[in-house]
Amino acid sequence: MTEYQGKLVAPPKAKFAVIVSRFNEFVTAKLLSGATDALVRHGVAEGDVDVVWSPGSFEMSVIALRLAGGGRYAAVICLGAVIRGGTDHHHYIAAEAAKGNATAALRTGVPCIFGVLTCDTIEQAIERSGAKAGNKGAEAATAAIEMANLLGQLPPGGKQAT
Ligand code: INI
C-alpha cells in the first residue's frame with residue numbers, strides 16, 4: 001500500500017498567490033496577515049508571496065483563474081468575507097465565489113484555496129479572523145502548503161476532460 005499525505009512543508013522555491021477582497025477590508029486585512037504570517041512561518045520566503053487585491057469576493061474567481069493558469073504559482077489562496085445583509089445579495093456572492101474558486105482549480109490543476117468567510121454576522125467574521133475562532137486566513141495558507149506538497153508527491157495525472 002502506498003499512502004500519500006501532504007506535509008506542511010512548501011516545495012523549494014514554490015510561489016504562492018494570495019487574492020484578498022477589499023470589500024469588508026476590516027476583516028480581510030486580518031485574514032491576509034494570518035495567511036502571510038502562516039506562509040512565512042512555514043518557511044516560504046516573503047519574496048515568493050504575491051498579494052493581489054480584488055474589489056470583492058465575487059471578482060476573485062477571474063483573478064484566480066488568471067493566476068492559477070499562468071504556471072507561476074504552486075497554489076492560489078482566495079481570502080474574502082461575505083457577511084449577510086438585509087437582502088439575499090450575499091448569498092449569490094458567496095455561491096459564485098465558491099463555484100468560481102473551484103472552477104479555477106479544476107480548469108488549471110492548481111489548488112485554489114477557498115478562504116472566504118461566509119457569516120451571518122460581523123461578530124462571526126471577527127471571531128474567524130484572528131479572535132476566538134482562530135484565523136481562517138492562516139488555515140487557508142496551511143491548506144495551500146499541504147496541497148502544494150501533496151501534488152508534488154502524487155504521480156502525474158493524464159489530460160483532464162474539460
Ligand atoms: N463582497 C464581499 O466580498 N463580501 C460581501 O459581504 C459583499 N456583500 O455582501 O455585498 C460583497 N459585495 C461585493 C461583491 O463581491 C462585488 O464586488 C460587487 O457585487 C460588484 O461585482
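The values are calculated or read from the model by the stated rules, or taken from the named source; none is laboratory data. No experiment lies behind these values; they were computed from the predicted model shown. As a convention, Cβ positions derive from the backbone with ideal geometry for all residues, glycine included, and neighbour counts pool all protein chains shown.
Within the stretch 119-137, the residues that satisfy the criterion of being out of contact with any Leu (no Cβ under 9 Å at 6 or more places or on another chain) and either charged (D, E, K, R) or more than 9 Å from the ligand (Cβ to nearest atom) (or both) are ASP120, THR121, ILE122, GLU123, ILE126, GLU127, ALA131, LYS132, ALA133, GLY134. Is it the case that the stretch 126-147 has a residue that's modelled with pLDDT of 95 or more, among the β-branched types (Val, Ile, Thr) and surrounded by fewer than 17 Cβ atoms within 10 Å (Cβ to Cβ)? There is no residue in the stretch 126-147 that is modelled with pLDDT of 95 or more, among the β-branched types (Val, Ile, Thr) and surrounded by fewer than 17 Cβ atoms within 10 Å (Cβ to Cβ).
Among the residues examined, GLU3 does not qualify as surrounded by fewer than 17 Cβ atoms within 10 Å (Cβ to Cβ) and within 20 Å of GLU139 (Cβ to Cβ). The set of residues from the stretch 1-43 being of a type in the set (A, V, I, L, M) and assigned to a loop (DSSP other than H, G, I, E, B) comprises MET1, LEU8, VAL9, ALA10, ALA14. Of all the listed residues (GLY100, GLY70, GLY47, GLY86), the sole one being farther than 15 Å from THR142 by Cα and at pLDDT below 95 is GLY86. Here the condition is being surrounded by fewer than 24 Cβ atoms within 10 Å (Cβ to Cβ) and more than 16 Å from the ligand (Cβ to nearest atom); of GLY70, GLY86, GLY56, GLY100, it holds for GLY70 alone. So ALA10 fits all but one of (1) out of contact with any His (no Cβ under 9 Å at 6 or more places or on another chain); (2) surrounded by 19 or more Cβ atoms within 10 Å (Cβ to Cβ); what number is the exception? Exception for ALA10: condition (1). Within the option set SER21, SER61, being out of contact with any strand residue (DSSP E or B) (no Cβ under 6 Å at 6 or more places or on another chain), of a type in the set (Ser, Thr, Tyr) and within 16 Å of the ligand (Cβ to nearest atom) holds for one residue only, SER61. Mind checking whether some residue in the stretch 24-46 is more than 16 Å from ALA144 (Cβ to Cβ), away from the ligand (no atom under 16 Å from the Cβ) and over 14 Å from the mean Cα position of the chain (by Cα)? Within the stretch 24-46 (the criterion being more than 16 Å from ALA144 (Cβ to Cβ), away from the ligand (no atom under 16 Å from the Cβ) and over 14 Å from the mean Cα position of the chain (by Cα)), the answer is no, since none of the residues qualifies.
Among the candidates GLY47, GLY43, the residue that is surrounded by fewer than 18 Cβ atoms within 10 Å (Cβ to Cβ) and on the phi > 0 side of the Ramachandran plot is uniquely GLY43.
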